[in-house]
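Heads up: the structure comes next, in structure tokens.
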Amino acid sequence: MQSSTPQSEQSTGTAASVKPAQSGRGDGIGLRVVRDAETDRNIALVAELAPSFLEWQCRMIAGVMRGAVYLSDADHRAGPMCARWPQAGEVSVMLQEMAVEVLSTGKPKLSSQIPYTGKKGQLCDAVACPIVHNGRVVATVCVALATRALPQQKAVMQLVEWGVNWFATLLNRESRSARLRAPLLLDLIKATIDKNNLHDMATAAVALLAERTSCKRVSLATSNGAKLNLLAVSGLDDFDQRTRFATRLEDAMEEASDQNMAIEHPTQKSGMAPIIRAHEKLADATPNSTFYTVVAGHGTTRVGLVFEQGGGRAFDPPQTGLFDDAAAMLAQAAGLIYAASGSLGSVVRRGKQGIIKRFRGRAGLIALLCISGIGAAALVPATHRVTADAELVSFEQRAVVASIAGYVESANVRPGDDVKKGDLLAALDTRDLRLQAAKWRSMRGARQAEYQDVLANRDRTQISVQRARLDQIDAEIELVEGQIARAQLRAPYAGVVISGDLSQALDAPVEQGQVLFEIAPLSGYRVIIEVNEYDIASVETGFEGYLRLAALPSRAIPFVIERILPVAASGDGHSFFRVEARLDEQIPELRPGMRGVAKISAGQKSLLWAWTHEVTDRLRLFVWSLGF
């Protein structure tokens with residue numbers, strides 16, 4: 001039989017922080033176990049929550065044969081058993097003996113290859129860990145499990161200590177309102193403790209928190225030494241991390257993490273005035289909502305939570321205390337999952353001796369560096385950006401056309417000129433029209449004289465005929481005068497002339513309806529982006545990006561994609577799709593027709609994928625075309 005007791009520095013939680021104290025009886029054992037009213041309340045709370053905790057703790061570890069939780073008594077001994085798992089069968093005396101020993105040393109204990117009382121001749125491993133609250137031992141959890149190798153035993157010890165730390169967190173709040181929250185936190189442990197990956201853990205956590213806290217939305221992000229990455233949003237089974245709302249959630253969590261404080265917006269109660277620019281942008285997306293953002297850490301692991309409540313209602317202190325506890329618990333859970341998945345550094349350390357044996361000399365070193373670089377590029381995330389040519393156009397364009405057929409008499413503007421509403425753009429030759437107007441006026445004078453004669457004769461029939469002829473002549477005069485007025489081409493509104501140069505076409509004939517000028521307003525621009533057909537699958541509406549124009553290369557103008565035209569166009573030897581985007585800011589220097597380069601943020605990809613996807617996509621298409 002082998003028995004080992006981990007040193008206090010090997011334990012990661014509250015259990016390792018207990019210091020042994022002399023009992024006063026001269027036997028050199030015992031913790032400072034003081035039974036007063038406060039301790040009795042804590043022990044009663046342990047007895048209430050221990051059965052559920054022990055069940056899930058044992059189910060989390062493979063091969064558990066028996067588990068028990070013993071309350072401490074005033075004599076430094078294991079008191080009554082308040083929980084056992086499974087319910088059927090007898091509990092080994094060996095577990096109670098380990099509980100007594102743990103109480104005497106104040107440290108977790110791991111025993112290997114010891115007899116299990118339940119079955120003769122059967123050996124088992126056993127783990128015992130004290131549950132400590134405010135420096136006082138309130139209980140001890142003991143687990144007997146099937147024998148296994150030493151590394152696996154240490155992993156089990158870490159899981160038990162982690163579970164005990166979670167359980168101890170439930171006791172850290174002394175107020176009655178915090179104790180009422182303990183069942184919720186325990187349910188949170190139950191919902192996440194058996195999850196093997198971060199996505200499942202995050203999805204279960206946000207669903208439970210949203211349901212039990214009556215929040216409109218709960219969002220969770222994690223990080224292991226890098227930027228927080230949004231994993232789950234309550235009510236959304238699937239969401240795109242590249243959308244503007246997801247980015248604003250991540251920015252809000254980073255803002256709270258950078259300031260090392262929880263942020264409630266817009267009803268912050270803290271005396272400090274935090275920086276809330278990211279939260280203000282988040283509030284713009286969902287007006288009339290209140291947000292509470294908290295980020296908790298566990299080693300290099302961070303977990304961020306954003307709680308959203310509708311109706312503009314503020315969060316009360318019990319709620320925010322619960323949110324802080326939930327973030328701390330989930331940070332520990334995420335840290336364990338990260339540790340279980342293994343980092344690149346740990347993989348390299350485990351295999352470095354074998355790699356060094358395979359690669360020796362300069363060639364081997366170069367090969368090793370290349371492999372390491374490729375591996376790092378495959379793991380390091382980077383923002384995938386789609387690059388494409390872009391053109392600035394206005395939301396509205398007005399065409400100025402020739403209202404009559406004629407000749408250009410004068411031209412006052414050229415493309416690029418700013419005009420005001422009513423400004424004269426050009427004029428058409430109206431000599432023929434003026435002659436027609438003079439002719440009709442002369443005819444009207446003659447008809448007017450005839451009309452006066454029939455009036456004098458009181459011939460009613462002729463009066464009606466002459467009156468009709470005068471009306472016809474008046475209509476002809478009005479038509480010709482209207483044509484003369486429309487021969488003056490004027491700006492329909494203030495803007496800039498984007499096409500139409502008649503300065504080199506004076507006296508040239510124009511047809512009725514021919515477009516002579518195009519005018520665009522000086523504000524309200526959109527961007528037309530020509531996305532290559534190979535990249536169009538990575539682009540979706542709602543994505544953000546930046547535009548740099550050839551005329552303003554030092555200015556990066558943000559935009560948001562609003563529409564993707566489903567029809568391909570061709571130009572410069574390749575096919576592309578036109579994508580329409582809205583500018584987030586209007587700059588006075590902008591003019592229609594400006595061209596530049598747009599970069600669209602299309603989500604997170606590995607560096608290796610970003611460097612090689614164009615080649616691999618074309619290679620796949622080429623192989624497919626060969627019939628493979």
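The values are calculated or read from the model by the stated rules, or taken from the named source; none is laboratory data. All of these numbers come straight from a predicted model, not from anything done at the bench. Because the Cβ atoms are built from the backbone with ideal geometry, glycine has one as well, and the counts that use them run over all protein chains shown. Side chains are part of the model used for accessible areas, which takes the heavy atoms of the whole protein and leaves out ligands, DNA and RNA. Shrake-Rupley method; radii C 1.70, N 1.55, O 1.52, S 1.80 Å.
Here are a few things to note about the model shown:
- Cβ-Cβ contacts under 6 Å between residues 6 or more apart (or on different chains), taken from a first residue in the stretch 584-600 that is over 13 Å from Ile528 (Cβ atoms) and without any contact (Cβ under 8 Å) to a residue 60 or more places away in the chain to a second residue that is surrounded by 11 or more Cβ atoms within 10 Å (Cβ to Cβ) and not polar (S, T, N, Q), are listed as Asp584/Pro558.
- Residue within the stretch 244-253 that is surrounded by 14 or more Cβ atoms within 10 Å (Cβ to Cβ), modelled with pLDDT of 80 or more and outside any helix (DSSP H, G or I) present: no
- Of the strands (runs of 3 or more DSSP E) lying entirely inside the stretch 92-153, the ones with 2 or more residues being buried (at least 24 other Cβ atoms within 10 Å of the Cβ) are found at 123-133, 136-145.
- The combined condition, being at pLDDT below 85, outside any helix (DSSP H, G or I) and either among the acidic types (Asp, Glu) or surrounded by fewer than 17 Cβ atoms within 10 Å (Cβ to Cβ) (or both), is not fulfilled by Ala376.
- Every test in (1) in a strand (DSSP E or B); (2) of a type in the set (A, V, I, L, M); (3) under 14 Å from Val527 (Cβ atoms); (4) open to solvent by less than 40 Å² (accessible area, probe 1.4 Å) is passed by Ala569 save one, and that test is (3).
- The residue list Leu621, Leu608, Leu590 contains one member that is of a type in the set (A, V, I, L, M), surrounded by fewer than 12 Cβ atoms within 10 Å (Cβ to Cβ) and not in a strand (DSSP E or B), which is Leu621.
- Criterion: out of contact with any Lys or Arg (no Cβ under 8 Å at 6 or more places or on another chain), open to solvent by 80 Å² or more (accessible area, probe 1.4 Å) and touching a residue at least 60 places away in the same chain (Cβ under 8 Å) - qualifying residue of Val510, Val515, Val539: Val515
- Residue among Arg447, Arg414 that is more than 30 Å from Ile587 (Cα to Cα) and either surrounded by 13 or more Cβ atoms within 10 Å (Cβ to Cβ) or over 60 Å from the mean Cα position of the chain (by Cα) (or both): Arg447
- Filter pass, Ala537 being more than 26 Å from Val419 (Cβ to Cβ) and part of a strand (DSSP E or B): no
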